[in-house]
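So the structure is just underneath, and the comments pick up after that.
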């Protein structure tokens, strides 16, 4: 996704990336980034929590329109209200994705 | 606060993300010149969302057969979107189907336009399926040019991208 943001930005359209992995966004030279410490699948927060969704969206507007330099990153100070181990389980697919199955078969994952 | 990018990632996946290399390093920058309250804003989600009644799903059968491949096509989602399906083998669908706004906040964007925080909601938005081949050839050659043409045609002033 950072690469899509870069290509679209290079075509003259301002972009902002709202992401659970802002370190990756920075590393891949994303023009504008808003970081959230939320489980995967939830860049704008919890279902039906309009206040949380608006908080993230407003920060995205702010960074999109207000950032004055390439590589701007703003992290949102919101804690996920569900215990980590439950949220960690809940975002994952019902079975491992094909690539993860392949990694497991080939013992490419360093299981700790 | 500094977000911990790895808080919800299985520990064994971490090296995969840490070893990613940039496609380009030049500082691409399109200045945002209008007032937000006069601007037309579009959304892009990587959740593999599609319109259940009128669009094909992303190709998950091929991904199951070729695990390093991901469908590089994109779908156009109108602001009034109706029933949606999801096609993404790397996340749970439960919460997004319960409230698509957590990945694609079209209702919040519509309210922002009604309240004057932005000018207007773009007529068309974008959905891709975020798991892609390492080379990104499909995205580079077809999908990105297609998305850019659509955004230019709709005179979009800014795009909010949200990977899942």
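Along the three principal axes, how long is the range B:35-162 when you take its alpha carbons, biggest first, rounded to the nearest angstrom?
That works out to 48, 33, 23 Å along the principal axes.
If contacts are Cα pairs under 8 angstrom and at least 6 residues apart, what is the relative contact order of the range A:2-82 in percent?
32
Order of B:121, A:36 from fewest to most other C-beta atoms within 10 Å?
The most exposed by this proxy come first: B:121, A:36.
Packing-wise, with mean Cβ within 10 Å as the measure, how do B:49-61, B:11-23, A:46-58 rank, highest first?
A:46-58, B:49-61, B:11-23
Counting each DSSP H run of 4 or more residues in chain B as -39500 (n - 2.57), what helix-only mean residue ellipticity at 222 nm follows after dividing by all residues, to the nearest 500 deg cm²/dmol?
Computed ellipticity for chain B at 222 nm equals -5500 deg cm²/dmol.
How far apart, in nanometres, would the label points at residue A:51 and residue A:86 be if each is projected 7 angstrom from Cα along the Cα-to-Cβ direction?
Between residue A:51 and residue A:86, the simple spin-label model gives 1.9 nm.
Partner chain Cβ atoms within 10 Å, averaged over the residues of B:49-62 - can you pull that number for me?
Values: counts 0, 0, 0, 0, 0, 0, 0, 0, 0, 0, 0, 2, 0, 1.
Mean number of neighbouring Cβ atoms from other chains: 0.
Would you work out if the protein assembly as shown is rounded, prolate or oblate? Take a ≥ b ≥ c from the square roots of the eigenvalues of the alpha-carbon gyration tensor; rounded if a/c is under 1.5, else prolate when a/b is larger than b/c, oblate otherwise.
Rounded is the answer for the protein assembly as shown, as its axis ratio a/c remains below 1.5.
Can you compute log10 of I(q)/I(0) for the range A:2-82 with the Debye formula, treating each Cα as one identical point scatterer, at q = 0.26 Å⁻¹?
-1.27
For chain A, what is the mean residue ellipticity at 222 nm derived from helices alone (per DSSP H run of n ≥ 4: -39500 (n - 2.57); sum divided by total residues; nearest 500 deg cm²/dmol)? Please report the intermediate quantities before stating the final value.
Details: 5 runs with 47 residues, N = 112.
After summing the helix terms and dividing by the residues of chain A, the value is -12000 deg cm²/dmol.
Just to verify a number: FRET efficiency for residue A:95 and residue B:26, C-beta to C-beta distance, R0 = 30 Å, to 0.05?
Details: r = 40 Å, r/R0 = 1.34.
Calculated transfer efficiency: 0.15.
Taking the Cα centroid of the range B:95-144 and of the range B:52-75, what is the distance between the two, rounded to the nearest whole Å?
Between the Cα centres of the range B:95-144 and the range B:52-75 lies a distance of 17 Å.
Using Cα pairs closer than 8 Å and at least 6 residues apart in sequence, work out the relative contact order for chain B, in percent. Let's see the in-between values first.
Working: 236 pairs, mean separation 60.0, N = 164.
Over chain B, the number comes to 37 percent.
Between residue B:124 and residue B:98, take the C-beta separation as r, use R0 = 25 Å, and let me know the FRET efficiency to the nearest 0.05.
With R0 = 25 Å, the Cβ-Cβ based efficiency is 0.55.
For the pair residue B:79/residue B:1, report the inter-label distance in nm, with labels modelled 7 Å from Cα in the Cβ direction.
3.3
Indicate the gyration tensor shape class of the range B:1-107 (rounded, prolate or oblate), computed on the Cα atoms with a ≥ b ≥ c the square roots of the eigenvalues: a/c under 1.5 is rounded; otherwise a/b larger than b/c is prolate and the rest oblate.
oblate
Values quoted throughout were computed directly from the atomic coordinates according to the rules given, and no laboratory measurement underlies them. Everything numeric in this text was worked out from a predicted model, so none of it was measured. Positions of Cβ are generated from backbone atoms using ideal geometry, with glycine treated the same way; all protein chains shown enter the neighbour counts.
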